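The values are calculated or read from the model by the stated rules, or taken from the named source; none is laboratory data. Computed from a predicted model, the values in this text were never measured in an experiment. Cβ atoms come from the backbone with ideal geometry, glycine included; neighbour counts cover every protein chain shown.
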Amino acid sequence: MRPAPEHVTVGEQLFYLLQPPLEEMLSSSALCLPARPYPYQLAGVAFLVPRRSALLADEMGLGKTMQAIVALRILLHMGAARRVLIVCPKPLVTNWLRELSFWAPEVPAEVVSGDYETRRRVWHLSHCPVKLVNYELLTRDADDIARLAHPFDLVLLDEAQRIKNRDSRTAQVARQLPRLRSWALTGTPIENHCDDLVSLFEFLDPGRLPPSIGPKELQSMTAPYVLRRVREDVLSDLPPRVNRDTYVELTPAQRHSYELAEREGIVRLGSLGQLITVRHVFELILRLKQICNFDPATGESGKLEQLRADLAEVVAHRRKAIVFSQWVEPLEVLARQLAEFGPLVYHGRVPPAHREQILRRFRDSSAYSLLLMSYGAGSVGLNLQCANYVFLFDRWWNPAVEEQAIHRVHRIGQKDPVIVTRYLVPDTVESRIAAILERKRALSEQILHRQTASSGLTQEELFSLFGLETHVHRVARTG
């Protein structure tokens, strides 16, 4: 455990220098772990423990929650922390409680919830060492928190991209929390601009970064406080993954329908003037993306023709493939059009009682080579290492969701290389969206020296897809 090189007192240096090795601490009876962490996870714990300011920015799925829990458990046992506040999105509170009970069973934890009087008693009267609160209640109880008699020894923000907008109420309240240590967890430390990371550091280490800072300076000034690993860095047991971008031309009928829909849609958007909203732009994008899949008049599809040829090769080599789509309707069409491959279909409308049976057939039977799956149904909680090929029939708005889907196949237990094919239609809204997301990936890689899945599109980027930047400013001013 080595603290960041700057702003560390001699006493702190000696304190951590005199601690026993991390492995020895974790092997003691008081800190016995229920499962053996990977070496990179132990490195993450060793990164967090000595730091007053730390951003753990590992890619999704590498166990940031577990690393943080083990680190705060060590702080509690060392006597370096007695009052810990964990802030997370509301849906993740239950997950944090479950992970705490698994990785730190002796550490009491309490959720701040209920009506105002109940929450006030928890803030001011409870001596539970670990408190959990969601972001919404944090902002609602800001005044009560400001009146606490003692600061928190540690405040940890999960999904810390919630404070990327420095002027938001959430970011302002987070910066005002009384605390001695500031940790943050996020798989997307830079979603759109360098300012995202600057805003995070206004919580982590106020005053460290000047208001105007370039990417190179930002990287050098934040590096000692940021730990970023991606799957390829740390999962040495994982076979390689190959990404292929396949550009598919629309059929003549599709191109005619697409150009007509885009022209008419842009005219309509322009006619709305100051009444235009993101919803109007979103509706046009959805319509155009659906035409890129299938022509509404004839049912023709350039993507379908390419997919059929690709699947024939997969089946010829006795491999299995998963095809992902954003919508259920294209999956149903594909099931009919690809009947010769005997496809299985798995999406949110499939009755829960039938889902496990479908997955079991795909995993265990050589008779089934193709699974058609929606992103929503296949993004979390499934192990499908039996497949080697993944086809993204259409692209999700947020590549992080695509990565979740791909990780159902490319995960520990996979024995063979995984081939990921992403279909894109040139000269359409699909290719324009992909170009924006790639620029955002490049920005993040420049600063963090790591490839990361960028977030979805901002309002400005949505409008820019149709040359409507001027309307964005009118919407912003009138809003």
Practice problem: Mind counting the residues in the range 138-158 that are touching a helix residue (DSSP H, G or I) at 6+ places or on another chain (Cβ under 7 Å) and not small (Gly, Ala, Ser)? | Solution: 10
Quiz item: Restricting the range 417-437 to residues that are buried (at least 19 other Cβ atoms within 10 Å of the Cβ) and of a type in the set (D, E, K, R), which is nearest to Gln404 (Cα to Cα)?
Solution: Arg422
Exercise. State whether one or more residues within the range 76-92 are closer than 28 Å to Asp167 by Cβ, out of contact with any helix residue (DSSP H, G or I) (no Cβ under 8 Å at 6 or more places or on another chain) and not in a helix (DSSP H, G or I).
Key: yes
Quiz item: If you go through the range 394-415 one residue at a time, do you hit one that is touching a residue at least 40 places away in the same chain (Cβ under 8 Å), in contact with a His (Cβ under 8 Å, 6 or more places away or on another chain) and either of a type in the set (Val, Ile, Thr) or under 22 Å from Pro351 (Cα atoms) (or both)?
Solution: no
Quiz item: When both residues are 6+ apart or on different chains and their Cβ atoms are under 7 Å apart, which pairs have a first residue that lies in the range 188-215 and is of a type in the set (Lys, Arg), and a second that is part of a helix (DSSP H, G or I) and modelled with pLDDT of 85 or more?
Solution: Arg208/Phe201; Arg208/Met221
Practice problem: Can you give me the number of residues within the range 71-90 that are over 16 Å from Asp153 (Cα atoms) and surrounded by 20 or more Cβ atoms within 10 Å (Cβ to Cβ)? | Solution: 1
Exercise. Pick out, from the range 1-70, the helices (runs of 4 or more DSSP H) lying fully within it that include 1 or more residues that are at pLDDT 65 or above and surrounded by fewer than 20 Cβ atoms within 10 Å (Cβ to Cβ).
Key: 39-48
Quiz item: So, of the residues in the range 315-333 that are of a type in the set (A, V, I, L, M) and under 19 Å from Arg361 (Cα atoms), which turns out to be modelled with the lowest pLDDT?
Solution: Val315
Exercise. Inspect the range 395-418 for any residue being at pLDDT below 95 and part of a strand (DSSP E or B) and give the result as yes or no.
Key: yes
Practice problem: Please find, within the range 109-120, the residue that is farthest from Asp144 (Cα to Cα) out of those that are surrounded by 12 or more Cβ atoms within 10 Å (Cβ to Cβ) and not polar (S, T, N, Q). | Solution: Ala109
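Residues checked against (1) modelled with pLDDT of 90 or more; (2) crowded, with 16+ Cβ neighbours inside 10 Å; (3) in contact with a strand residue (DSSP E or B) (Cβ under 9 Å, 6 or more places away or on another chain):
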position: Pro239; (1), (2), (3): no, no, yes
position: Glu249; (1), (2), (3): yes, no, no
position: Pro252; (1), (2), (3): yes, no, no
position: Ser257; (1), (2), (3): yes, yes, no
position: Glu262; (1), (2), (3): yes, yes, no
position: Thr277; (1), (2), (3): no, no, no
position: Val281; (1), (2), (3): no, yes, no
position: Phe294; (1), (2), (3): yes, yes, no
